Amino acid sequence: MKSFVEDFYRLVSLLKRREPFAFNRFSDGELFILQNKELILGDNLVKIGDKVMKGHYRKEDFKHFHPDEHSFYRDRLVDAFRYTAKNYFKGISCRCCAGEADFRWQLDFHGRHDENFTWANLFLNGNYGRFIREMYPLFNGYRTVIVCNENSDVTTLPFICKDFRVGYNAMVNDYGLIDTMKRWIDENGIRGHLFMFSASAFSKMAIHQLYRHCDANTYIDIGTTLNAFTGMRLDRSYLKAFWLGAKHKDIDKICIW
Amino acid sequence: MIKIVSGQSIPVGSTVALANLCNQFHSRGHECTFFGPDRWHLDKCRSAPLSDFRPGNGDIVIAHGIRLRSVADLDDPGTLAGPSRDGGWRRALEDRIFNIGASRGKPDAFRLVLTRSGDDPVRAGRPAFSLFHKIHFSCEAQRDRRASRHPHFVCPDFVRDLKKPLARPERVAGVIGSVRPENRLEISIEKALQDGMESVIVYGYLLDPVYFYSNIAPFAKKYPGRIRFAGFVDDPQKMYDSVSDVYRCAAKPWSAVKRECILTGTRYHGPDSPETEEAACNDSIYDVWKNELAL
């Protein structure tokens, strides 16, 4: 039986041992792209496939995936999702958060079972306190590279040695940054570093391609987990519950497989 | 065997002190294990989960952060395990002890010592002091009147093996302490910046995120590029190597930070502690424990 908490400590253990790995997360946004649905996260607008609703997203979260225009990027996301390698961990949407149908869809779409499947929410919900208190301090032991929004303030993170920035709809507009990063890794002999990604769907493609390129570094998708440190908004319920003390059940939620 | 059992084993000052205590006993030939409900202690000393704890005949049990009201049958440690942060297992322990230890007296089969090392971040509350054969205080300031009516001794915590670094940064302040209002980190940060420190690194376990977000995080906007958050770092040498000065405002004279600053040659700005405690070396501290526990 997979355990939400034990899977988290598995990654903690790898960090403590300085054993390189990749943790890639395919949550609901990526799920819709994998399902080849049009996705728009815009100003007061959210469109998923044919469904249109009001949204509350900020500029840094704006995203547009159109199945016809952006099929190249969807194919790269599929590559990242189906890639299997030692210590390449794939977090997928869990049945308790995404529902049984989408959970099953991911497994079917992936094909054969991957023992490195885990939760996309592994650092969130009931594990968020563990992430901030027990995993975050381990980053101090690494020379750390961050890939994040152009508006993030990373000066608060004492372990950062290099930052790469992305902007709106980074999956499409900043795709070339992956090659830039590969060159930077090669030209500077980057090994044993920790790469943190907070760049939405761009992160998934980059983590996959960079880990394939050089698996001597660790690559993790931190999503919005460090927003409280980087001056970004606390607009996710787990962030509000943890940092603002707002009542929300997510902060105690132990996701199931 | 010496068994240290604590109501929490998160990385705060008292847990560090208990892990040091365990390592010191072990390195001096005494079998010792530290039992706790959290995971941090598990790779810091000879240790085990709290669920493995069971006192045996002839043991010395050193308890911390447990509000014992009576001595109980501790033969079924499985019931002690459970959620630690809400005190679930602790309540189970206390209830069982209360029910079974009808006499509310000291245990006969093993010696029970209470250590008041550090403070009580999980607020276990005051135990029944009469249950304990002895009570340990880390410093005179901890010795409250009620506890002092019982057999007790005062002995500073063991210090970690720290050295002066070959090189260190200039005008980088470390604000060291668990992140919670009692430690008044915001005052330390302001003072460091007023003293001309170029940057401040906050080192400490994040006990109270709401306090952090409302009182500490805003400094990053007020002083752009000068405030950094490290969390609790396991390697104290790396922590002291990364700063020139340490600032503390918490009025807790039992903290080891001042003594560690002396060992590492780090300038210290904070509450004083008695010189006798600062001067105590690990050998003399061990001598006190050896005598008090009749090792």
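The values are calculated or read from the model by the stated rules, or taken from the named source; none is laboratory data. Just so we're clear, the structure is a prediction, and the values are computed from it rather than from any experiment. Virtual Cβ from ideal backbone geometry, glycine too; neighbours counted across all protein chains shown. Side chains included, ligands, DNA and RNA excluded: accessible areas come from the protein's heavy atoms. Shrake-Rupley method; radii C 1.70, N 1.55, O 1.52, S 1.80 Å.
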Do we have any residue at all in region B:181-197 that's crowded, with 19+ Cβ neighbours inside 10 Å, at the interface with chain A (Cβ under 10 Å from one of its Cβ atoms) and within 26 Å of the chain's Cα centre (by Cα)?
no
Check A:Tyr73, A:Tyr9 and return the single one that is under 18 Å from the mean Cα position of the chain (by Cα), assigned to a helix (DSSP H, G or I), within 14 Å of chain B (Cβ to nearest Cβ) and surrounded by 14 or more Cβ atoms within 10 Å (Cβ to Cβ).
A:Tyr9
Where residues in region A:20-39 are in contact with a strand residue (DSSP E or B) (Cβ under 8 Å, 6 or more places away or on another chain) and open to solvent by 30 Å² or more (accessible area, probe 1.4 Å), which of them is nearest to the other protein chains (Cβ to nearest Cβ)?
A:Pro20
For region B:210-237, which residues satisfy the criterion of being in a strand (DSSP E or B) and either surrounded by fewer than 20 Cβ atoms within 10 Å (Cβ to Cβ) or not aromatic (Phe, Trp, Tyr) (or both)?
B:Ile227, B:Arg228, B:Ala230, B:Gly231
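Can B:Tyr205 be described as closer than 30 Å to A:Arg17 by Cα, touching a helix residue (DSSP H, G or I) at 6+ places or on another chain (Cβ under 7 Å), open to solvent by 10 Å² or more (accessible area, probe 1.4 Å) and within 14 Å of another protein chain (Cβ to nearest Cβ)? Even if it seems obvious, please write down each step before you answer.
Working: closer than 30 Å to A:Arg17 by Cα: yes; touching a helix residue (DSSP H, G or I) at 6+ places or on another chain (Cβ under 7 Å): yes; open to solvent by 10 Å² or more (accessible area, probe 1.4 Å): yes; within 14 Å of another protein chain (Cβ to nearest Cβ): yes.
Taking the combined requirement at face value, the residue satisfies it.
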For region A:148-166, how many residues are open to solvent by less than 50 Å² (accessible area, probe 1.4 Å), outside any loop (DSSP other than H, G, I, E, B) and more than 28 Å from A:Ile254 (Cα to Cα)?
4
Tally, over region B:30-44, of residues that are within 14 Å of chain A (Cβ to nearest Cβ), in contact with a helix residue (DSSP H, G or I) (Cβ under 9 Å, 6 or more places away or on another chain) and among the hydrophobic types (A, V, I, L, M, F, W, C)
1
Have a look at A:Phe117, A:Phe139, A:Phe195, A:Phe202 and point out the one that is open to solvent by less than 10 Å² (accessible area, probe 1.4 Å), at pLDDT 95 or above and either within 14 Å of chain B (Cβ to nearest Cβ) or farther than 26 Å from A:Asp75 by Cα (or both).
A:Phe139
Do we have A:Ser152 as closer than 22 Å to A:Ala228 by Cβ, among the polar types (S, T, N, Q) and within 14 Å of another protein chain (Cβ to nearest Cβ) here?
yes
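Can you go through A:Asp50, A:Asp79 and tell me which one is farther than 24 Å from A:Asp179 by Cα, exposed (fewer than 15 other Cβ atoms within 10 Å of the Cβ) and not basic (Lys, Arg)?
On the way: A:Asp79 fails: farther than 24 Å from A:Asp179 by Cα.
Just one listed residue meets the conditions, A:Asp50.
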